[in-house]
Amino acid sequence: MPDGPPDVVVVGAGNAALNAVLAAADAGARVLVLEKAPQEARGGNSYFSGGLFRFPYESVEHVEELTGELSKAERESIDLGKYAEADFYGDLMRVSDGMSDPGLAETLVKNARPALAATRRWGVRWVLAIGRQSFKVDGRFRFFGRLSCACVGAGKGLVDALSYACERSGVTVDY
């Protein structure tokens, strides 16, 4: 490990772990990642996910925080609807049979969109989930399941982008 022992040790190299690793590295910590899988099998369950994420949004501008600016034609071809914070919170409580910690759920709701948007600085690319979570209705793509955006390359693309960001940041990963 360069410059002495690690300040932070993270076990695992999936999405949550790698986001924690990069946040610590961005804050100046020396980080060591311990991953039981070989490098070619890194990422845990994140590798196999579809790369779709729920987050609250009220407008196309909120979605553009992930995707980048959409063209006029793209904007005219979609009907995003809205996914209000209250709806996201309600969904969390519904799928957990009310067992989610209300404070943690509120923290997730308030921070989901900015946290996902922040992954762009690490090279994660987001696109509209056209063809996966949308269908044409009255000539416009309408998104279902409140899943409007997907990571380019699905779960593998997410893990690869975060792993490359770790390499660029000088994070040591022990496979």
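Of note:
- The residue that is nearest to Ala25 (Cα to Cα), among those in segment 132-155 that are open to solvent by 70 Å² or more (accessible area, probe 1.4 Å) and in a loop (DSSP other than H, G, I, E, B), is Arg146.
- Verdict on Val124 being under 19 Å from Gly51 (Cβ atoms), open to solvent by less than 70 Å² (accessible area, probe 1.4 Å), of a type outside the set (D, E, K, R) and not in a helix (DSSP H, G or I): yes
- Residues (of a type in the set (Asp, Glu) and open to solvent by 40 Å² or more (accessible area, probe 1.4 Å)) located in segment 21-46: Asp26, Glu40
- Ala105 part of a helix (DSSP H, G or I), more than 14 Å from the chain's Cα centre (by Cα) and at pLDDT 95 or above: yes
- Residue among Leu92, Leu158 that is out of contact with any Asp or Glu (no Cβ under 9 Å at 6 or more places or on another chain), modelled with pLDDT of 95 or more and closer than 23 Å to Asp26 by Cβ: Leu158
- When Met99 is tested against (1) open to solvent by 70 Å² or more (accessible area, probe 1.4 Å); (2) in contact with a Leu (Cβ under 8 Å, 6 or more places away or on another chain), just one condition goes unmet, and that condition is (2).
- Selection status of Ser49, open to solvent by 30 Å² or more (accessible area, probe 1.4 Å), over 14 Å from the mean Cα position of the chain (by Cα) and of a type in the set (Gly, Ala, Ser): no
- Exclusive hit being open to solvent by less than 30 Å² (accessible area, probe 1.4 Å), in contact (Cβ under 8 Å) with a residue 24 or more places away in the chain and either within 23 Å of Phe48 (Cα to Cα) or of a type in the set (S, T, N, Q) (or both), set Leu80, Leu70, Leu158: Leu158
- Test for Ala37: is it under 20 Å from the mean Cα position of the chain (by Cα) and not charged (D, E, K, R): no
The values are calculated or read from the model by the stated rules, or taken from the named source; none is laboratory data. Every value quoted in this text rests on a predicted model; they were computed, and no experiment measured them. Cβ: placed from backbone, ideal geometry, glycine included. Neighbour counts: every protein chain shown. With ligands, DNA and RNA removed, areas are computed over all heavy atoms of the protein, side chains included. Shrake-Rupley method; radii C 1.70, N 1.55, O 1.52, S 1.80 Å.
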